[in-house]
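Working notes, structure below.
The values are calculated or read from the model by the stated rules, or taken from the named source; none is laboratory data. This one's a predicted model, so the numbers in the text were calculated from it and none came from an experiment. As a convention, Cβ positions derive from the backbone with ideal geometry for all residues, glycine included, and neighbour counts pool all protein chains shown. To get the accessible areas, we keep the full protein, side chains included, count just its heavy atoms, and leave off ligands, DNA and RNA. Shrake-Rupley method; radii C 1.70, N 1.55, O 1.52, S 1.80 Å.
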Amino acid sequence: MLGLLRLQRVIFMTPSFAGSLDALSAWRGALLDRLDGLTQFLKSHQLVDDPVAARLDTLRGRLSSDKLVVAFVAEFSRGKSELINAIFFADAGRRVLPASPGRTTMCPVELGWDVSQEPTLSLLPIESRLEGLPLSELRAEPRAWRHVPLQVGDADQLAQALLEVTHTEWMSKDRARDLGFWNDEQLSDNPPTDDLGRVQVPAWRHALINYPHPLLKQGLVVLDTPGLNAIGAEPELTLSLLPSAHATVFVLGADTGVTKSDMAIWRDHLNTQALSRFVVLNKIDTLRDTLLTTEQVRSQIASQQSDAARTLDVPVERVFPLSARQALAARLADDEADLADSRLPELEQALGAQLLPQRREVLENMVLGAAQDVETHMARRLGDGRRQLAEQLLELRGLRGKSGAKVELMLKRIDAETEEFEQCTSRLQAMRSVHSRILKEQLIGLSTDRLQEEVAEMETSMSASFLNLGAKKAFVALCGRLKGLLADAQRRSSETREMLGVSFGRMNAEFGFSLALTKGPELERFERELGLIERNYVQYLGPTQALRLSGAKFMEQFRRMLVSRLRVVFENASGEVELWNKTASAQVDSQLRDRRRNFRHRREALERVQAAAGDLEERITELESQDRHSQMMLARATELIEGLREQACAAPMNAIESLISLDLEIDIEEEAVEPPRLRLAQA
Ligand SMILES: Nc1nc2c(ncn2[C@@H]2O[C@H](COP(=O)(O)OP(=O)(O)O)[C@@H](O)[C@H]2O)c(=O)[nH]1
Ligand SMILES: [Mg+2]
């Protein structure tokens, strides 16, 4: 029953954030079904080359593992954890993430679901900072973490296990300084100390919660962060996790207003993501006052809202006054009126309204691009095949009523044609060797070795500069050189494309190929990514951050993190170039194969006709039915591609509505809060 109730909630209530995610995920599921149908058909009938089949597999991987990352950022005690509980985990029936006065969440906490892993809380000890390894590399090393198994469905055990993220350790000032938690220049920013002069430091550097909660299963990743001190001490947050989040929610307290440290977080960590930022003015319940009228309280809230908007320089509609605590309590008590009064639904609606279409559009473009390529490729292959069949048919029909001598003559002609055609092989050989040489040269510019060289050059000029004040300049220079490398690769790609275009044209004219080039590899995307990395790092290298960087440990961490991010960009760019080139040569190979097979078939057909004259009509009928068959294949594949396109362009809400109108079964189990899987007919 629950499953159905939830489905109704999704459709008939104000679309909550959870509802939007449900819809997006149902849409993605339907798209995957269509994609699988198409891929299976194309592969089983061998209608596409290997690189095209691989492209479809990659598309599937990206679609099914697509994540939506929402990060909550603010000074401690603003109510981030409470807000996360209220938006995402009220269905657990209790407070899941610890939220209490004071510093509670001591380390960044990432909640998500990876089906290949067990439900676990993984904790990375704070000492791992001393080794200088970036988080991204440590993620791949299970031994660096402590693992606590989680019991699915047991909300109490989950909440109990999550208390671990609140743990702290007391340590000497020296050690705290090494770990980046003590700053002698800005004493007011430092964590609390005890009578013995020891410093209180988080026990963990990062926590990962892998848990099959329905929303997390749909690809949602929630990032909860501790306050300013911890954000500043973990460069990875600023440089990688926050910039790559699809939405960041910045939380202020109505009881505190915009404080100096709120401003510091906003300025230093959130100022590059204007489009995805949401500001929450939390705890509006604290403004309630029995001596004031509802109207008076309302206008107080409105004036705090516009103050906050002015101070942060965002449109006032981007500031959401609400009460997370009231919302959580209302959801736990199932009190709709109280929930509306908490004003949380307004934020959820805004989050859903922005994120859903944005994510959908990215996926849609990805699918449409692939559909176009597959269609072009397949139409050309099948078209070639049909043309060759037509020629063969013409030849056979011409033999009707002709003598054995005539057949003999035709056989000779085929042999001559074959021989002439085979002369293309040496030409193709030459083309291939030029092509692979050019490609090799091009890939050197995008190689990891080349990247390391450039980074090493940056380091030389960085360490030479006093206190890293020249760090920014050296880094900007590095980015300039790397952009140069990408631009170079782009230019070489166009040259390669031009060269291949000329060769293809000649091969087509002289040997009857139908070689065609697709649009060249697009490297602008990687330039944009590089630009994004540059902006984030430049911010980090600004004057307020330079001191943190001066420690050798942080320099090392900074460098490793930078290299690992740049490496991803360069590896992907190089992969893109390689794939494009591979697809071009695979086309040559497959056409060569098809042509040879065609010559062979023609010869065999004539030989059979020669052996028994009656075979001619039979052979003609066979070819005609073969032609009808490939026409059918083309029609069916086109239909499947069209279906994929249609689904990609369909609005996500419709995915659920169509499910209902199709009256498909929905699994209704005790805790069946799973998104309904669309089972669209395959045929
Ligand atoms: N009055 C009131 N208190 C809240 C609200 N949201 C959170 N709190 C309280 O503020 C304290 C800090 O909340 P928490 O979620 O741990 O803050 P975080 O450090 O930003 O994650 C806790 O005692 C919460 O109960 C709210 O909307 N109203
Ligand atoms: Mg918290």
## Note on the structure
In the stretch 317-337, residues that are open to solvent by 70 Å² or more (accessible area, probe 1.4 Å) and of a type in the set (Lys, Arg) total 1
### Query
Only one of these conditions is not met by Ser303: (1) open to solvent by less than 30 Å² (accessible area, probe 1.4 Å); (2) farther than 14 Å from Phe278 by Cα. Which number is it?
(1)
### Query
Can you find a residue in the stretch 234-250 that is at pLDDT 80 or above, of a type in the set (S, T, N, Q), outside any strand (DSSP E or B) and out of contact with any Gly (no Cβ under 8 Å at 6 or more places or on another chain)?
yes
### Task
Determine whether the stretch 302-314 contains at least one residue that is within 16 Å of ligand 2 (Cβ to nearest atom) and under 23 Å from Val69 (Cα atoms).
no
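Where residues in the stretch 207-226 are assigned to a strand (DSSP E or B) and away from ligand 1 (no atom under 16 Å from the Cβ), which of them is surrounded by the most Cβ atoms within 10 Å (Cβ to Cβ)? Walk me through it before giving the result.
Taking the stretch 207-226 first, the residues assigned to a strand (DSSP E or B) are 207-210, 220-224.
So of that shortlist, the ones also away from ligand 1 (no atom under 16 Å from the Cβ) come out as 208, 210, 220-221.
On the way: Leu208: 21, Asn210: 20, Leu220: 24, Val221: 19.
Within the stretch 207-226, the match that is surrounded by the most Cβ atoms within 10 Å (Cβ to Cβ) is Leu220.
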### Summary
With the first residue restricted to the stretch 96-115 and required to be part of a loop (DSSP other than H, G, I, E, B), and the second required to be of a type in the set (Asp, Glu), Cβ contacts under 9 Å at 6 or more apart or on different chains are Leu97/Glu82; Leu97/Asp224; Ala99/Glu82; Thr105/Asp224; Cys107/Glu234; Pro108/Asp224; Pro108/Glu234; Pro108/Glu236
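How many residues are among the acidic types (Asp, Glu) and either outside any helix (DSSP H, G or I) or within 9 Å of ligand 1 (Cβ to nearest atom) (or both) if we restrict to the stretch 71-95?
The number of residues fulfilling the criteria is 2.
Any idea which of Leu368, Leu389, Leu411, Leu428 is more than 30 Å from Leu566 (Cα to Cα) and surrounded by fewer than 17 Cβ atoms within 10 Å (Cβ to Cβ)?
Details: Leu368 fails: more than 30 Å from Leu566 (Cα to Cα); Leu389 fails: surrounded by fewer than 17 Cβ atoms within 10 Å (Cβ to Cβ); Leu428 fails: surrounded by fewer than 17 Cβ atoms within 10 Å (Cβ to Cβ).
Result: Leu411 is the single residue among Leu368, Leu389, Leu411, Leu428 that is more than 30 Å from Leu566 (Cα to Cα) and surrounded by fewer than 17 Cβ atoms within 10 Å (Cβ to Cβ).
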#### Entry: All positions within the stretch 528-551 that are surrounded by fewer than 17 Cβ atoms within 10 Å (Cβ to Cβ) and either at pLDDT 70 or above or touching a strand residue (DSSP E or B) at 6+ places or on another chain (Cβ under 6 Å) (or both)
Arg528, Gly531, Leu532, Arg535, Val538
### Task
Just one of (1) open to solvent by 60 Å² or more (accessible area, probe 1.4 Å); (2) assigned to a loop (DSSP other than H, G, I, E, B) trips up Val314, so point out which.
(1)
### Residue among Leu83, Leu121 that alone is within 16 Å of ligand 2 (Cβ to nearest atom), open to solvent by less than 10 Å² (accessible area, probe 1.4 Å), hydrophobic (A, V, I, L, M, F, W, C) and over 30 Å from Pro321 (Cβ atoms)
Leu121
### Query
Do we have Ala99 as within 16 Å of ligand 1 (Cβ to nearest atom) and open to solvent by 10 Å² or more (accessible area, probe 1.4 Å) here?
yes
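For Asp114, indicate whether it is more than 19 Å from Val251 (Cα to Cα), open to solvent by 60 Å² or more (accessible area, probe 1.4 Å) and at pLDDT 90 or above. I'd like the intermediate steps shown before the answer.
Values: more than 19 Å from Val251 (Cα to Cα): yes; open to solvent by 60 Å² or more (accessible area, probe 1.4 Å): yes; at pLDDT 90 or above: yes.
So Asp114 fits the description; yes.
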### the stretch 83-95 residues that are touching a residue at least 24 places away in the same chain (Cβ under 8 Å), paired with ones that are among the polar types (S, T, N, Q) and surrounded by fewer than 24 Cβ atoms within 10 Å (Cβ to Cβ) (beta carbon under 7 Å, 6 or more apart)
none
